[in-house]
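Q: Sharing a structure with you now.
The values are calculated or read from the model by the stated rules, or taken from the named source; none is laboratory data. Note that this is a predicted model, so its numbers are computed, not measured. Heads up, the Cβs are rebuilt from the backbone with ideal geometry, glycines too, and the neighbour counts pull from every protein chain shown. Protein only, heavy atoms only, side chains kept; ligands, DNA and RNA dropped before computing areas. Shrake-Rupley method; radii C 1.70, N 1.55, O 1.52, S 1.80 Å.
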Amino acid sequence: MAPFHAAGDHSRRSARNTLSRAISTYIPTIKALSYARRKKLHLFDERGASLSPEGSRNAGLLLVPMPETPGATNLPGVHKEVQYIHDSTSKSAIKITVLGNPTPAEVLKQVPHHDIVHFACHGVSDFNPSNSHLVLLTPDGTDADKLLARDISSLNTPGAQLAYLSACSSAKNPSTILADEVIHLASAFQLAGFSHTLANLWETEDQASSEVARDFYDLLFQDQKNFDDHYRVSAAFHKAVKKVRDKRPANYLGWAPFVHTGA
């Protein structure tokens with residue numbers, strides 16, 4: 001539960017901290033790590049163009065934004081986050097699908113057909129971790145509905161590559177009884193077959209979430225020097241989080257919740 005990636009002295013110009021010395025990745029078990037690395041990540045060809053694992057179609061990115069949620073605070077940064085992603089992917093061949101009024105049923109239907117999924121919404125961690133959920137909409141759009149961790153983990157996603165959960169507490173398990181079990185939204189996406197999951201350990205600042213997402217996709221799709229794709233994903237996320245840390249090093253609660261899980 002501890003944010004080991006944030007350990008150390010983060011005073012200005014100090015390199016005596018984990019973030020300055022290593023790219024941190026969390027994984028629930030050695031078996032999960034073996035499975036995640038066995039699955040090759042093919043988001044790019046040798047020219048840096050985006051493609052699917054089969055190489056027969058453009059890689060697909062599913063965007064699930066919720067700037068307004070019934071009964072919850074608005075997330076104004078979601079609009080910027082969506083625009084940042086469009087801007088970052090504009091020069092790649094990746095195909096973006098945006099769900100304007102996302103319901104749990106529609107998301108569960110769409111996820112298996114995309115290589116990357118990005119959620120920008122509220123997240124809730126439950127004391128029964130299988131009931132942790134992303135907050136979406138009912139079919140009529142008038143009320144909030146839950147996309148449950150247990151429903152996500154049951155998905156069959158043969159093309160799953162990367163899940164970005166820009167949602168509060170999406171990598172948190174608040175249950176002391178189940179503290180030794182890695183059960184939360186991020187692990188649910190891993191169980192569904194995603195090699196990489198980017199998530200948050202606790203409630204995050206709207207502005208910081210937008211900045212990390214913007215810089216991550218910029219680095220992922222524009223930096224074509226490294227074609228070891230598993231490393232490419234983790235390195236891009238590490239650099240994006242470090243950039244926020246470098247701006248506001250003393251604001252630990254602002255930059256430390258962002259974590260990478262997977263290969």
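Q: Test each condition in (1) farther than 23 Å from PRO70 by Cα; (2) of a type outside the set (Lys, Arg); (3) without any contact (Cβ under 8 Å) to a residue 60 or more places away in the chain for SER92 and report the one that comes out false.
A: Only one criterion is unmet by SER92, namely (3).
Q: Same structure, new question: With the structure loaded, tell me whether GLU81 is charged (D, E, K, R) and closer than 25 Å to PHE258 by Cα or whether it fails that test.
A: yes
Q: Please count how many residues of the stretch 62-77 are without any contact (Cβ under 8 Å) to a residue 60 or more places away in the chain and within 27 Å of THR157 (Cβ to Cβ).
A: Count: 4.
Residue-wise test of (1) polar (S, T, N, Q); (2) buried (at least 23 other Cβ atoms within 10 Å of the Cβ).
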residue: THR103; (1), (2): yes, no
residue: HIS114; (1), (2): no, yes
residue: PHE119; (1), (2): no, yes
residue: LEU136; (1), (2): no, yes
residue: GLY141; (1), (2): no, no
residue: LYS146; (1), (2): no, no
residue: LEU155; (1), (2): no, no
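Q: Next question. Quick one: what pairs do we get from the stretch 16-44, first residue in a helix (DSSP H, G or I), second of a type in the set (Ser, Thr, Tyr), C-beta under 7 Å, 6+ apart or different chains?
A: Sorted first by the residue in the stretch 16-44, then by its partner, the pairs are THR18/SER24; ALA36/SER195.
Q: Related question: Does VAL111 qualify as being in contact (Cβ under 8 Å) with a residue 12 or more places away in the chain, assigned to a helix (DSSP H, G or I), within 23 Å of VAL212 (Cα to Cα) and not charged (D, E, K, R)?
A: It is true that VAL111 is in contact (Cβ under 8 Å) with a residue 12 or more places away in the chain, assigned to a helix (DSSP H, G or I), within 23 Å of VAL212 (Cα to Cα) and not charged (D, E, K, R).
Q: Where residues in the stretch 121-134 are touching a helix residue (DSSP H, G or I) at 6+ places or on another chain (Cβ under 7 Å) and open to solvent by less than 10 Å² (accessible area, probe 1.4 Å), which of them is modelled with the lowest pLDDT?
A: PRO129
Q: Further question on the same structure: Among (1) within 17 Å of the chain's Cα centre (by Cα); (2) within 21 Å of LEU219 (Cβ to Cβ); (3) open to solvent by 50 Å² or more (accessible area, probe 1.4 Å), where does THR89 come up short?
A: Condition not satisfied by THR89: (3).
Results for (1) under 28 Å from THR69 (Cβ atoms); (2) at pLDDT 90 or above, shown as yes or no for each residue.
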site	(1), (2)
LEU162	yes, yes
SER170	yes, no
THR176	no, no
ILE183	yes, no
GLY193	yes, no
ASP206	yes, no
GLU211	yes, yes
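Q: Given the criteria part of a helix (DSSP H, G or I) and of a type in the set (Ser, Thr, Tyr), does SER92 qualify?
A: It is false that SER92 is part of a helix (DSSP H, G or I) and of a type in the set (Ser, Thr, Tyr).
Q: Next question, about the same structure. Based on this model, can you work out whether GLY71 counts as modelled with pLDDT of 90 or more and more than 20 Å from ARG214 (Cβ to Cβ)?
A: Here the answer is yes, as GLY71 does meet what is asked.
Q: Using beta carbons and a limit of 9 Å, which pairs, at least six apart or on different chains, have the first residue in the stretch 126-144 and part of a loop (DSSP other than H, G, I, E, B) and the second one among the polar types (S, T, N, Q) and crowded, with 19+ Cβ neighbours inside 10 Å?
A: ASP126/SER132; SER132/SER125; SER132/SER169; SER132/SER170; SER132/ASN173
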